[in-house]
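Here is the structure we will look at, set down as structure tokens.
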Amino acid sequence: MSRLANRISAGHFVVTGELTPPKGTDISGLKARSELLADHIDAFNVTDSHASKMSLSPMAAAHELTVLGVEPILQMTIRDRNRIALQSDMLGAWLLGVKNLVCMGGDPPHLGDHPEAKPVFDISTEDLIQAAGNLNNGKDMMDNLLSGSTGFHIGAVVNPGADDIDKEIARLESKVAAGAKFFQTQAIFDADRFAGFMERVSHLDIAILAGIMPIKSVKMAAFMNEKIPGIDVPDHVIDRIDGAADTVKESTAVAAEIIKAIKPICQGIHVMALGWEEHIPGVLQLAGVTHEE
């Protein structure tokens, strides 16, 4: 069983983060970031060609983290591989020491640095979740027996800020039915709206890790509001960042306030601060989140 699963089962407030494999084979930066945050983060998502920009295999990067004693969460996307390759990669990941998966669709290839790449999307995210569960039970998607099974802690993603929240919750329920046990959310900026979402999914036996994304600049906030579905950075937050003498200090304060507001109603947080990892310890300290909780 993964350490992350154990901590969730024990009722600890967990913290997950993200690491993006490099575009190349030099993983010194990835190792340095993981070591910087190892005392603050329970497990790290290892992204799968984030934003559809080709990068080092997340499976290889995840294995390197296990060598360091750091627990990875392997992102599995349905964008680039068919069902045969996805199942094969999951078996390989388990053999390489990966115990957590988060299953998702993946960003469309035309948005990345290989815009002419053909998307696959052979199966749905729910199918992928179910396939991972089958591997845990010693069978493949066609019910063929395996010579050795897996034991993945299976997660997925959800967007509490979706415009059609009824549809989003129905999709969440279908992922739970497929076998997902924990969910990482899109970035949360409205604690009251998140509380309403949590109330609506309270009938489900799952762990919700609320997305936390420090705002680096007003430009970043405007971009997210315009380009990223389900994210709404409120005007009062943008005004605070815009008027701050110290952007890092103000952004840290905003993120910590959100964590404090939602901490009583969820099982943990998922911190997304790519390129700003050095500020994560400060955010957690200000929010009163300790690794021992």
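Relative contact order for the chain: what percent, with Cα pairs under 8 Å and sequence separation of 6 or more?
Computed over the chain, the figure is 19 percent.
Using the Cα gyration tensor of the range 219-293, with a ≥ b ≥ c the square roots of its eigenvalues, what is the shape: rounded (a/c below 1.5), prolate (a/b larger than b/c) or oblate (neither)?
prolate
³J(HN,Hα) across the range 48-59 via Karplus (A = 6.51, B = -1.76, C = 1.60, θ = phi - 60°), whole Hz, x for Gly/Pro?
9, 6, 3, 6, 6, 9, 3, 8, 3, 3, x, 5
Explain nothing, just the number: dipole magnitude of the range 155-279 about its Cα centre with +1 on each Lys and Arg Cβ and -1 on each Asp and Glu Cβ, in debye rounded to the nearest 20.
Magnitude of the dipole: close to 360 debye.
Determine the calculated [θ] at 222 nm for the chain from helices alone, applying -39500 (n - 2.57) to every DSSP H run no shorter than 4 residues and normalising by the residue count; nearest 500 deg cm²/dmol.
Details: 11 runs with 119 residues, N = 293.
Computed mean residue ellipticity for the chain: -12000 deg cm²/dmol.
Roughly how many percent of the accessible protein surface of the chain is carbon and sulfur, given a 1.4 Å probe and a whole-percent answer?
52
Taking all protein chains together and a probe of 1.4 Å, list W276, W94 from the most accessible to the least accessible.
Details: W276 30, W94 75 Å².
The residues order as W94, W276, largest area first.
Could you state the angle between the C-alpha long axis of helix 218-227 and the longest principal axis of the C-alpha atoms of the chain, as a value from 0 to 90 degrees rounded to the nearest 10?
50
Please state the relative contact order of the range 1-139 as a whole percent: Cα pairs under 8 Å, 6+ residues apart?
For the range 1-139, the relative contact order is 23 percent.
Can you list the HN-Hα couplings for the range 20-37, worked out from phi with the Karplus curve (6.51, -1.76, 1.60; θ = phi - 60°), rounded to whole Hz and with x for Gly and Pro?
9, x, x, 8, x, 10, 7, 9, 4, x, 4, 5, 5, 5, 5, 5, 4, 9
With a cap of 16 neighbouring Cβ atoms within 10 Å, and only residues DSSP puts in a loop, list the trypsin sites (Lys or Arg not before Pro) found in the range 1-45.
K23
Work out the length of the dipole vector of the range 35-113 about its Cα centre, built from +1 on the beta-carbon of each Lys and Arg and -1 on the beta-carbon of each Asp and Glu, and round it to the nearest 20 debye.
Working: 5 positive and 10 negative charges, 77 e Å.
Charge dipole, the range 35-113, about its Cα centre: 380 debye, nearest 20.
So what's the angle, to the nearest 10 degrees on a 0 to 90 scale, between helix 191-200 and the longest Cα principal axis of the chain?
40
To the nearest 20 debye, what is the magnitude of the charge dipole of the chain about its Cα centre, counting +1 on the Cβ of each Lys and Arg and -1 on the Cβ of each Asp and Glu?
Working: 25 positive and 39 negative charges, 102 e Å.
About 500 debye.
With Cβ to Cβ distances under 14 Å as the rule, what net charge do the other residues near A222 carry (K, R +1; D, E -1)?
Result for the neighbourhood of A222: -2.
Pull out a ≥ b ≥ c, the square roots of the eigenvalues of the alpha-carbon gyration tensor of the range 1-90, then state rounded if a/c is under 1.5, prolate if not and a/b is larger than b/c, and oblate in the remaining case.
The shape class here is oblate.
Please name which of N134, P119, Q184 has its Cα lying farthest along the dipole of the range 90-196 towards the positive end, using unit charges on Cβ (Lys, Arg +1; Asp, Glu -1) and the Cα centre as origin.
Positive-most Cα among the choices belongs to N134.
Specify the angular offset, from 0 to 90 degrees and rounded to the nearest 10, of the alpha carbon long axis of helix 165-178 from the longest principal axis of the alpha carbons in the chain.
Roughly 40 degrees, rounded to the nearest 10.
The values are calculated or read from the model by the stated rules, or taken from the named source; none is laboratory data. These numbers come from a predicted model, not from an experiment. Cβ atoms come from the backbone with ideal geometry, glycine included; neighbour counts cover every protein chain shown. SASA here: full protein model, heavy atoms, side chains in, ligands and nucleic acids out. Shrake-Rupley method; radii C 1.70, N 1.55, O 1.52, S 1.80 Å.
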